[in-house]
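Following: one structure in structure tokens, then a few remarks.
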Amino acid sequence: MDPKSPEDIYKSHLGDSAFSRASNISARQVDSARANLAATFVNAFVNAGFCKDLLMTEDGNAWLYKNKEYGMLAAAASLGMIMMWNVEEGLTTIDKFLYSNEEYVKAGACLAIGIVSSSVRHESDPPIALLPEHVESSSPIMRTAAIVALGIAYAGSARDDVLDALTPVFTSSDVMGDVALATLSLGQIYVGTCKSEVASLIAQKLMEASDASLEMPESKFLGLGLGLLFFGRGERGDAMLEALKTIEHPISLCASVTLETCAFAATGDVLKIQKMLHLCAEHRLEPVANTTPALMEATVLPKTPKATHQSAAVIGIALVATGEEMGAEMTLRTFDHLLHYGEPAVRQAVPLALALLRISYPDYGIVDQMSRLTHDADAQVALNAIVGLGLIGAGTNNSRIAGLLRMLAEHARDPSSLFVVRLAQGLLHLGKGLLSISPFHADRSLVCKPAMGSILTFLYCCLDLKHTILDKHHYLMYNLASAMVPRFLFTVDVELNLLPVSVRVGQAVETVGQAGRPKTITGFQTHTTPVLLGVDDRAELASDEVLAKSHVLEGVVIVEPRRSEVPSG
Amino acid sequence: ASNQIPTSGQMMLNFSKSEREAAELSPEDHALVEGLELSIERIQDPNPAVMRAALEHLVKEVQTATSSMTSVPKPLKFLRPHYETLKRCHAAWDKNCPTGRLLADLLAVLAMTMSKSNKREILVYKKQGSAHDLDSWGHEFVRALAGEVGAEYSARQLNSKGRFKSSAKDLVALVDEIVPFHLQHNAYAEAIDLLIETQSVPKLLGNYPKINNKALVDSGNFRRVCLYLLRCGTFMADPDDLKELRQCAFGLYERHGEFSAALGVAIQLGNDDEKTAFLARCRELFKKADDLMRKQMAFILARHQTNFEYSEDDAIDEIIGNNKLSGYYVGTASDFLQVLSFY
């Protein structure tokens, strides 16, 4: 079908008034650089994986030169997302920009190479061939692009040659920006492996870095990279936690929280959740005349001015609880309390944590709650809630969220808000509604670690929107490529060609412990594959003539004809 | 009043004759009560033959009541006042002779409704009785016994560290009787719960002898068993117990040829099992599976973005590398959206 342009996304289902049409036009003229940047990202998200779009694939230069600097980088990189998973054709398309004279375009092309290879292991393996030389480039933007691209391309691969390519950043560079992004990339590459060489590299940097560089906004990625290394490994992260305690800078607290919650991610461990809740319950007390010193001691926060550890704790609560339905629902209620009684740092992280619990799952209640938060008095909470709306509806085309976002666009207070609304709209229509960013699969029993890692990266960026996405580092959003996955159930025959098969799709029902052969789905409709599945949907074969090879009908399932039973002796 | 059951605090010894008459006991109940009371008297008789006969009468009455789902266990109600008497008898007798054991068995069943909580009298008496033939005492009894075994195991674990496992042999012997009983009667949840409580989940992989030439966990029920096992895993506190549970599920799936499910469990286990790395486990599965199943497993691994490589077959390695994705996606998407005619 025809590729979609950003205007189609902004205006789809527009019911209404001349007012809304007029206000859209004027908003666009106010900040055109921002508007173009938004259009780049929306275009990338909406056409992700389609290998065809209206801005970049035909004559990319036209669109490219409507942007400047980082905008050009984002535009060039968007090509990677549009051609995602198609390494051969993608490389041909990106090639033209790889040798451009404009540094930002070249960097964008490098990033595109990383994005196009995300989740795919191609025999020609272009990223390792083309990117390592730029890791030590004299141009900062080339270095950044190469480092981030390697992380996206090789997420989950645990490849030592990529480690070798990135090690120079740790040994010979002191630029916190580079080191932080390299940590993030290594964390993604070695996600959940507890690789000790990587752990020591990161820990050493944390200990050696000057206080000034640790104050920079990107320093929280050091903690996240370390956390991703121990993702889901539980107690194996304890030794590193002890090591972190020796660091005197407040970042050690934030890094410890991140590490601990990543280590117990998706385990539902109630003790960890309680520990994080205790952290969130701390309040910064204004010195009051009658307060006894003892009382002040008990409740005053450590001297970190931004209390990022509390925000990390909130996201951590969602991270630990996710993947287990009962725990997740209880946590949703807990967040209500945090919203009422929490410090600003806590409140700002709540929309992001809610989104983490309901990624690509726009359940009515959560949409309601998120929508209320978009009108919160605290501007940060409101912005994060807008991002949250995009995340919970990611790839679903949910009409309710689309309407809410259109309203928000019409009444946006400032260019930043409008930009964030556009991003959310792009996420909502991810892959024209055919993609999902949920890291769960196999009947929600498995968590794809690189996917979850990339979502966490995005959430941590949102903890500080002003200095990341709303500033120059918007390209970090391309990390979400590792989480993108088609929502389709494909059935293929024994030759691996697509084969339409009749299936029933409905809401999943828990049947553990029930006697007999209970129905595993409810409220179903019968369709022919390929069919789209939502996060809480389940499919079962409706045809008696075929047998599925997989125990779960998700993704690509091989079906073979059911052999008629031959009575055996 | 006649229908009052004495509470555990009260020591009412007998329904008095007048109370019995005042009560509306049917003639059958009347006969039953008289028979039971006669047996109680005779059981205290010094003559061993008389004693034995009385005991057997009591056992027969109780067994008929508890082993059938449809009968009301009236003997349990009417024997309530005599519980302490029977306990005293048992204490006075030689515990090792068969009669002593039989009385202990009986007391274990009575303890189900009559003992004070937390005293675990079912277990105390059962251990002095015979562990076999639990079937004859009925389903409720086995459940109650299993509950106490689990509670006792946890209590012992809390109180001791280290050499605890060897001192739990008596409990494990009972587990070996109870679990086959539950599995035979399709009570998978109860069986697995007991195994989890006594940290003996690996027994599912085959320590139990076949009954009627059928293994306890066979192709008919392995799916349910594994599903329940894995769901329990979400609530396991101890990582080692969780690992054992997953290993057991993996073993069962693998044994019954459900390789895609086994792969799912292998992914959950990851590298948590020091003895078998994830990549080695995958290789093991790939070796056992047929070509088509290997391809299916490859698609699952691709979705999970694993770094497993299967150098033996390039076509399969290509699938694991997710190279098929773009073809399926782009090919489908345009047709799909056209049908939707939404855009």
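Things to note:
- Spin-label pair B:TYR208/A:GLU69, simplified geometry with 7 Å Cα→Cβ offset, distance in nm: 7.1
- Cβ-defined net charge surrounding A:GLY426, 13 Å radius [Lys, Arg +1; Asp, Glu -1]: 0
- Sorting the segments A:330-343, A:435-448 by their mean number of nearby beta carbons within 10 angstrom, highest to lowest, gives A:435-448, A:330-343.
- Label sites at A:SER210 and B:GLU24, each approximated as a point 7 angstrom past Cα along Cα to Cβ, lie 9.5 nm apart.
- 27 Å tail of the calculated P(r), segment A:91-243, as % of Cα pairs: 21
- The mean accessible area for residues of segment A:428-563, using a 1.4 Å probe and ignoring ligands and nucleic acids, is 37 Å² per residue.
- Global geometry of segment A:335-386, whether rounded, prolate or oblate, following the gyration tensor of its Cα atoms and the 1.5 cut on a/c: prolate
- Pairs exceeding 19 Å between alpha-carbon atoms, taken from B:LYS203/B:LYS243; A:LYS52/A:LYS96; A:LYS549/B:LYS203; B:LYS87/B:LYS119: A:LYS549/B:LYS203.
- Relative contact order (%) - criterion: Cα under 8 Å, at least six apart; region: chain A: 10
- Extension gain (nm, one decimal) between B:LYS287 and B:VAL124, 0.36 nm per residue minus Cα-Cα: 53.7 nm
- Amide hydrogen neighbours beyond the local backbone of B:ASN322, cut-off 5 Å, H modeled: A:ARG121
- Where A:LYS549, A:LYS68, A:LYS52 fall by accessible area, highest first, once all protein chains stay in place (1.4 Å): A:LYS68, A:LYS52, A:LYS549
- Per-residue ellipticity at 222 nm computed for chain B from its helices equals -20000 deg cm²/dmol, with DSSP H segments shorter than 4 residues left out and the rest contributing -39,500 (n - 2.57).
- Mean per-residue shielding of peptide B:332-338 is 6, counting Cβ atoms of other chains within 10 Å of each Cβ.
- Measuring with a 1.4 angstrom probe and ignoring ligands and nucleic acids, B:ASP135 comes out at about 80 Å² accessible.
- Distance from the alpha carbon centroid of segment A:335-397 to that of segment B:235-303 works out to 37 angstrom.
- ³J(HN,Hα), Karplus 6.51/-1.76/1.60, whole Hz, each residue of segment A:457-466, x for Gly, Pro: 4, 4, 5, 5, 4, 5, 5, 9, 3, 4
- Working note: Karplus 6.51/-1.76/1.60 with θ = phi - 60° gives segment B:44-51 the couplings 8, 6, x, 6, x, 5, 4, 4 Hz, where Gly and Pro are set to x.
- Accessible surface, 1.4 Å probe, highest first, among residues B:LYS288, A:LYS472, A:LYS432: B:LYS288, A:LYS472, A:LYS432
- The string of couplings for segment A:383-389 from the Karplus curve (6.51, -1.76, 1.60, θ = phi - 60°) is 4, 5, 5, 5, 4, x, 4 Hz, one whole number per residue in order, with x for Gly and Pro.
- Cα shape, chain A, gyration tensor, a/c 1.5 rule: rounded
- Computed accessible area, A:MET176, all protein chains, 1.4 angstrom probe, square angstrom: 10
- 0 to 90° range, to nearest 10: angle between helix B:169-184 axis and chain B longest Cα axis: 70
- C-alpha long axis of helix B:188-197 to longest principal axis of chain B, angle in °: 90
- Packing order of peptides A:552-560, A:535-543, highest average first: A:552-560, A:535-543 (average count of other Cβ atoms within 10 Å over each peptide's residues).
- FRET efficiency for A:ALA62 and A:ASP368, using Cβ-Cβ distance with R0 set to 30 Å, rounded to 0.05: 0.10
- Heavy-atom accessible area with a 1.4 Å probe sorts B:HIS132, A:HIS283, A:HIS122, B:HIS185, largest first, into B:HIS132, B:HIS185, A:HIS283, A:HIS122.
- Partner chain coverage, peptide A:550-559 - average Cβ within 10 angstrom: 6
- Spin-label pair A:ARG562/B:VAL172, simplified geometry with 7 Å Cα→Cβ offset, distance in nm: 4.5
- In the assembled protein chains, A:TRP63 presents an accessible area of approximately 30 Å² (probe radius 1.4 Å).
- Taking every residue in B:300-311 and counting other chain Cβ atoms within 10 Å of its Cβ, the average works out to 6.
- Heavy-atom accessible surface that B and A bury in contact, both chains counted, 1.4 Å, Å² to 100: 4900
- Between the helical axis of B:83-92 and the longest alpha-carbon principal axis of chain B there is an angle of about 90 degrees.
- Potential extension, A:ALA377-A:THR167 segment - 0.36 nm per residue separation minus Cα distance: 71.1 nm
- Rg to Rh, two decimals, where chain B supplies the alpha carbon set and Rh follows Kirkwood: 1.17
- Estimated FRET transfer efficiency when R0 is 35 angstrom, pair A:ASP544-B:ALA277 (beta carbons, to 0.05): 0.30
- With an a/c value of 1.5 or above and a/b larger than b/c for the gyration tensor axes a ≥ b ≥ c computed over the alpha-carbon atoms, segment B:253-329 is described as prolate.
The values are calculated or read from the model by the stated rules, or taken from the named source; none is laboratory data. Bear in mind that the values here come from a model prediction, so they are computed numbers and not experimental data. Glycine gets a Cβ as well: all are built from the backbone with ideal geometry, and neighbour counts include every protein chain shown. Accessible surface is based on the protein model in full, side chains and every heavy atom, while ligands, DNA and RNA are left aside. Shrake-Rupley method; radii C 1.70, N 1.55, O 1.52, S 1.80 Å.
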